Amino acid sequence: MNHLESKTAIVTGASSGIGAATTRALVAQGVRVIAVAQDQQELDAFVADVRQTGGRIVGHVADVTDLDQMKALAQSAQDTYGSIDILINNAGLMLFSNWTNLAVQDWEKMIDVNIRGYLNGVAAVLPFMLKQKSGQILNMDSVAGHQVSPSAGVYSATKFFIRAMTESMRKELGVQHGIQVNTISPGVINTGWADKVSDPVGRQAAQELNKLAIAPEDVAQAVIYALNQPATVTINDLIISPTRQDW
């Protein structure tokens, strides 16, 4: 049974990687998607491509670290479609470095996007979901939110934060308000992340690790499974890893 048909979903980081694959999977299920990204040109090209398949999608440029922009996004979604049924907090940064590198700027970027960005998304949509007494919030997490490696300490910390906030939200918003809240925790996924690592040593390690990565579409199918549940069922956390990943 398709529980997603005609629902409205906001997907952050939607124009590439897991966000793009998830957006395509959602529109294939009949979901109306507001695709959120920062790069106007990239977003426009992505939205145009999805529309060619018959998908119901609109693009919205916003910075997840800016609460006012996220609130404006939520209001626009409500005004356009009359409801906000799903939020997928997906926009994130994974930057590797050793502690001795003191990559403070990378630390701050990850804290801003991975933590503040998720909180802003929740703050923007939650008033609408509480009013309509329904909704689903999926926070994209990571296996790094379950275990830690030396070169990913800050990234893992942000993902442990996401696990904690999601479990707290589930126990309050799910139990008291019927809002389904869950996470997907991917392992190594080929999203181009390895080439974005600024530290040369970290980038080399990331590129080596990325050789066993699986596709974003594999994660997107897990997202559909988690969301396509009746209102009485919440999938708490799904870990999706390459078969040959040993951690």
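Side notes on the structure shown:
- Of residues in the range 154-193 being among the basic types (Lys, Arg) and touching a residue at least 12 places away in the same chain (Cβ under 8 Å), the one farthest from residue 107 (Cα to Cα): 170
- Selection count where residues are assigned to a helix (DSSP H, G or I), within 23 Å of residue 9 (Cβ to Cβ) and within 15 Å of the chain's Cα centre (by Cα), scope the range 132-157: 1
- Of the criteria (1) part of a helix (DSSP H, G or I); (2) over 26 Å from residue 31 (Cα atoms), which one residue 127 fails: (2)
- Unmet requirement for residue 179, which otherwise passes all of (1) surrounded by fewer than 22 Cβ atoms within 10 Å (Cβ to Cβ); (2) farther than 25 Å from residue 216 by Cβ: (1)
- The residue list 208, 217 contains one member that is surrounded by fewer than 17 Cβ atoms within 10 Å (Cβ to Cβ), of a type outside the set (S, T, N, Q), assigned to a helix (DSSP H, G or I) and modelled with pLDDT of 95 or more, which is 217.
- Being modelled with pLDDT of 95 or more, surrounded by 15 or more Cβ atoms within 10 Å (Cβ to Cβ) and within 20 Å of residue 128 (Cα to Cα) is a description that applies to residue 85.
- The range 102-131, subset free of Cβ contacts under 8 Å to residues at least 12 places away in the same chain and farther than 26 Å from residue 3 by Cβ, residue nearest to the chain's Cα centre (by Cα): 108
This table checks each residue for (1) in contact with a Lys or Arg (Cβ under 7 Å, 6 or more places away or on another chain); (2) of a type in the set (A, V, I, L, M); (3) surrounded by fewer than 17 Cβ atoms within 10 Å (Cβ to Cβ).
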site: 99; (1), (2), (3): no, no, yes
site: 109; (1), (2), (3): no, no, yes
site: 120; (1), (2), (3): no, no, no
site: 130; (1), (2), (3): no, yes, yes
site: 146; (1), (2), (3): no, no, yes
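- Residue selected from the range 11-69 under the condition at positive phi and touching a helix residue (DSSP H, G or I) at 6+ places or on another chain (Cβ under 7 Å), by the criterion surrounded by the fewest Cβ atoms within 10 Å (Cβ to Cβ): 17
- Per-region count, the range 218-244, residues among the hydrophobic types (A, V, I, L, M, F, W, C) and more than 16 Å from the chain's Cα centre (by Cα): 2
The values are calculated or read from the model by the stated rules, or taken from the named source; none is laboratory data. The shown structure was predicted, so the numbers you read here are calculated from the model rather than taken from an experiment. Every residue, glycine as well, gets a Cβ built from its backbone with ideal geometry; the counts of neighbours run over all protein chains shown.
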